[in-house]
Amino acid sequence: MVHAATQSSAPGADASGALCFHCGLPVPAAPKFAVLAQGRAHAVCCAGCQAVASAILGQGLGDYYRLRDSPAETPLDRMPGTDLGIYDDPEVQKSFVRSSAGGSEALLLLEGIRCAACVWVNEQVVTRIPGVLAAEVNYATHRARIRWDPARVRLSAILEAIRSIGYRAHPYDPRRVDLVNREEQRRMLWRLFVAGFGMMQVMMYAVPAYLAGTGDMSWDIEQLFRLAGLMLTLPVMFYSAAPFFHGAGRDLRLGRLGMDVPVALGLAIAFGASLAATLRGQGEVYYDSIAMFVCLLLLGRYLELLARGRATGALQHLGRLVPEFAARLTDFPASLATENVPAAVLKPGEFVIVGTGQKIPADGVVERGEGSVDEALLSGEARPERKGPGAALTGGSINLTHPLVMRVTSTGADTVLSGIVRLVERAAGEKPALAVVADRVAGKFILLVLVLAGIAGAYWALSDPDKAIWVMFSVLVATCPCAFSLATPVALTAATGELARRGFVVTRAHAVETLARATDMVLDKTGTLTRGELRLLELTPSGKLTRDRCLQVAAALEAGAAHPIAVAVGRAARASGLAVPTPDSVQAYPGEGVAARVDGVQYRIGTPGFVAGSGAVAPPAAVECDDVVAFGDASGVLATLRLGDELRSDAPQVIGELKRLGLQLHLLTGDAEAPARKIAADLGIERLVARARPADKREYVRTLQREGKIVAMVGDGVNDAPVLAQADVSVAMGGGAHLAQAHGDAVLVSGRLSDLAWGVRHARKTLSVVRQNIAWALAYNLVILPLAFAGSIPPWAAAAGMSASSLLVVLNALRLVPRGRAVREAGRGRSVPVAA
């Protein structure tokens, strides 16, 4: 039972001058507010802290105050009087809430997260709200993914519950994340500066003691140097090294052994021994080793922070691609009058004008105008794409030349870019198997290090007491498995960012590792090796009319139809720059074709028998896999049109590269035997299964897996959902509406099949880098541990060795991210866009 009261005093309350139970600020001399927990009254500084603490304690979450490693923020500092009801507005939710049959889902940014206890208390409070289906908070990014049933609870109620315990949640905004990251870098730089300055100054007093011979330095001068070293080491210990002690305390309270535990223990032992020697006026001091160790470790972590930022730059940039505002046309097509509105309030069917150099605010199609658009977001090519009326536009792309009038088709969470962001966020919330194993091994290794350090200290205390402290310190520091823990996550993070830069978006954490180990690759045909749509492959005129005239009139006859053949003929006419005339007296004959008058002449298009009557033109045997239609007039057939699903231009080269990589290739398709065999023969794929139903495809992959094969499946991500799920790793060909529903472990959003082969090579390079990092980390620890135990590694060398090993791992992982290109793109204001 928890009580909160406004009072001048309370039995058992904290004495005057105490710190606030919630936020840690000083309490006034006569406390007015208090909370009761576990039978004892605790003074708080204000009504805000009293309300927040009461909310936490009232839900039975008093363990928060036991587990946290730093006081909470002052509630008044982060609880402005924002009307949270605004987030229940469907128009506002469009930009950050995704709705599905299973409920609504939002990605939020939590402010005020200080430690693991903050994560715990937020998850506990939110998941206890009736109607909340799931709540996951990422401690590293402070992002919360929340799913709820809108019929049972409103989003504002969830945000209010979070605010009631002293935190603030709002829609995830990459711009705010940038501010948080910059603030973290600033704090770390200050800690690094203090440690570096302290290290240099301490060394000034340590070097003379090292160089002086026995009896060359008087006791008072030596003691003066000790005191100076102590004064200069204090800010290093209590400011620069504070994160290590906070992290170690948190890990121990949560019952686990993290990387900060041996670091903090080593620093505490070395500083305690040095302080004792200084107070006694005799004995060894290790202030120089402490300052150097903290400086080198902070330098390593700062470089790691920069490496992670650089590796994930492509992913962080996604949310900044869509502009905040758009120029909406108020009376189009009557006029081009505009109003400036937030991009989040745009609706499908509305019209906007995109000026030269501006970003496209949503997905849509060109209604008026022609120009060039930079679609590096999806295509991965810096070459601009020409856009004219009817052409699709992707939100986040840049209009480079002339103004375009665009009709909005998708906004908010339904856009292609939002689909990419959701897939990337899904991958970021998972931990790959390699990282899980590394963490498990590292935890056991830390325990081994602590035991060995204790044994070393006991051994040297008996044989040479003067060496006992610094040998123990050297064992703790030199063998800290930081490099081993960094070996996998840094490399995978760098690889994921570089893959995304090329349009190969990883959506499951295990994808890179499994793709690198794949032995067999199963490929779908339609939409994967082919373009997935009918195209006019050939038009053969009889000689009476020119090719262009035949295509022009054929497109006019098909203009009113929506079937694939009509669409293909119309597309071919537009691509040739032909003006399509308007037909008269159009008559459709289901299953046969269309007849109409064009410029006073009666024409027909359809089956050869329909066009030529008894003199039907049979399609040549060489094109039996394609669709053949005839075009003619009253005199007979004027032209034959051959249509088919065209092979991707880069397919032969990609198949050759995959073979050279040692992959066994399989073509698995539901199409008929003839077209499937023709594609397989053209590409040199020997293993083929045609007319395969979804269950057949899945069983085929399962059979390969029973043979011990590691199977990668490449398909369109929708029709191939069962087999994509069965494969060890799956790659879905991304595009448009399919992207948001992709079932693959990775999505090839660039649409280029060539990036598939590049992705396999990059995944293998990543796995090679991970293995190199692990091998180096293990070799380093196997060599350094006996040397440190034997007393052959002084403390400063132990600090340098541990930091150098971690830095080497990070730098090796950065080989996966081309340095020059990232710098050039940042200079152009395109700081590592996805697939850029």
Would you say ARG501 is under 14 Å from the mean Cα position of the chain (by Cα), among the basic types (Lys, Arg) and buried (at least 24 other Cβ atoms within 10 Å of the Cβ)?
-> yes
For the stretch 180-194, state whether one or more residues are modelled with pLDDT of 75 or more, among the aliphatic types (A, V, I, L, M) and closer than 30 Å to ILE221 by Cα.
-> yes
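Give me the residue from the stretch 802-814 that is within 23 Å of VAL506 (Cα to Cα) and surrounded by 14 or more Cβ atoms within 10 Å (Cβ to Cβ) and, out of that set, modelled with the highest pLDDT.
First, pick out the residues of the stretch 802-814 that are within 23 Å of VAL506 (Cα to Cα): 809-814.
Add one more test, that the residue is surrounded by 14 or more Cβ atoms within 10 Å (Cβ to Cβ), and what stays is 809-810, 812-814.
On the way: VAL809: 80, VAL810: 76, ASN812: 83, ALA813: 78, LEU814: 75.
Among them, the one singled out is ASN812.
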Would you check if LEU434 is in contact with a Pro (Cβ under 9 Å, 6 or more places away or on another chain), assigned to a helix (DSSP H, G or I), on the phi < 0 side of the Ramachandran plot and modelled with pLDDT under 75?
-> yes
Return the only residue of ALA343, ALA314 being modelled with pLDDT under 85 and either touching a strand residue (DSSP E or B) at 6+ places or on another chain (Cβ under 6 Å) or open to solvent by 20 Å² or more (accessible area, probe 1.4 Å) (or both).
-> ALA343
Per the filter on the stretch 628-668, residues touching a helix residue (DSSP H, G or I) at 6+ places or on another chain (Cβ under 8 Å), polar (S, T, N, Q) and open to solvent by 50 Å² or more (accessible area, probe 1.4 Å) are GLN653
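Please enumerate the residues belonging to the stretch 576-608 that are closer than 16 Å to GLY636 by Cβ, open to solvent by 30 Å² or more (accessible area, probe 1.4 Å) and among the hydroxyl-bearing types (Ser, Thr, Tyr).
Let us first name the residues in the stretch 576-608 that are closer than 16 Å to GLY636 by Cβ, namely 593, 595, 601-608.
With the extra rule that they be open to solvent by 30 Å² or more (accessible area, probe 1.4 Å), the set shrinks to 601-602, 604, 607.
Result: THR607, single match.
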Would you pick out the residues in the stretch 507-533 that are open to solvent by 10 Å² or more (accessible area, probe 1.4 Å) and in a strand (DSSP E or B)?
-> ARG531, GLY532, GLU533
Taking the residues in the stretch 760-787 that are closer than 15 Å to PRO489 by Cα and open to solvent by less than 20 Å² (accessible area, probe 1.4 Å) as candidates, determine which candidate is modelled with the lowest pLDDT.
-> ALA777
Give the number of residues within the stretch 609-624 that are surrounded by fewer than 19 Cβ atoms within 10 Å (Cβ to Cβ) and modelled with pLDDT of 50 or more.
-> 3
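Any residue at all in the stretch 475-482 that's modelled with pLDDT of 80 or more and assigned to a helix (DSSP H, G or I)?
Within the stretch 475-482, the first condition is being modelled with pLDDT of 80 or more, and the residues that meet it are 475.
If we keep only those that are assigned to a helix (DSSP H, G or I) as well, we get 475.
Among the residues of the stretch 475-482, at least one is modelled with pLDDT of 80 or more and assigned to a helix (DSSP H, G or I), which makes the answer yes.
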Would you check if there is a residue in the stretch 400-415 being in contact with a helix residue (DSSP H, G or I) (Cβ under 8 Å, 6 or more places away or on another chain), modelled with pLDDT of 80 or more and not in a helix (DSSP H, G or I)?
-> yes
For the stretch 243-266, does any single residue satisfy the condition of being at pLDDT below 85, buried (at least 18 other Cβ atoms within 10 Å of the Cβ), of a type in the set (Val, Ile, Thr) and under 32 Å from the mean Cα position of the chain (by Cα)?
-> yes
Restricting the first residue to the stretch 337-353 and requiring it to be over 17 Å from LEU393 (Cα atoms) and of a type in the set (A, V, I, L, M), which pairs with a second residue that is loosely packed, with under 12 Cβ neighbours inside 10 Å and modelled with pLDDT of 80 or more meet a Cβ separation below 8 Å and a spacing of at least six or different chains?
-> ALA337/ASP331
Scanning the stretch 534-563 for residues that are open to solvent by 50 Å² or more (accessible area, probe 1.4 Å), in a helix (DSSP H, G or I) and either closer than 12 Å to VAL629 by Cα or touching a residue at least 40 places away in the same chain (Cβ under 8 Å) (or both) gives ARG547
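The values are calculated or read from the model by the stated rules, or taken from the named source; none is laboratory data. Everything numeric here is computed off the predicted structure, so don't read it as measured data. Counting neighbours? That spans all protein chains shown, and the Cβs are built from the backbone with ideal geometry, glycine included. In case anyone asks, the SASA skips ligands and DNA or RNA and just uses the protein heavy atoms, side chains included. Shrake-Rupley method; radii C 1.70, N 1.55, O 1.52, S 1.80 Å.
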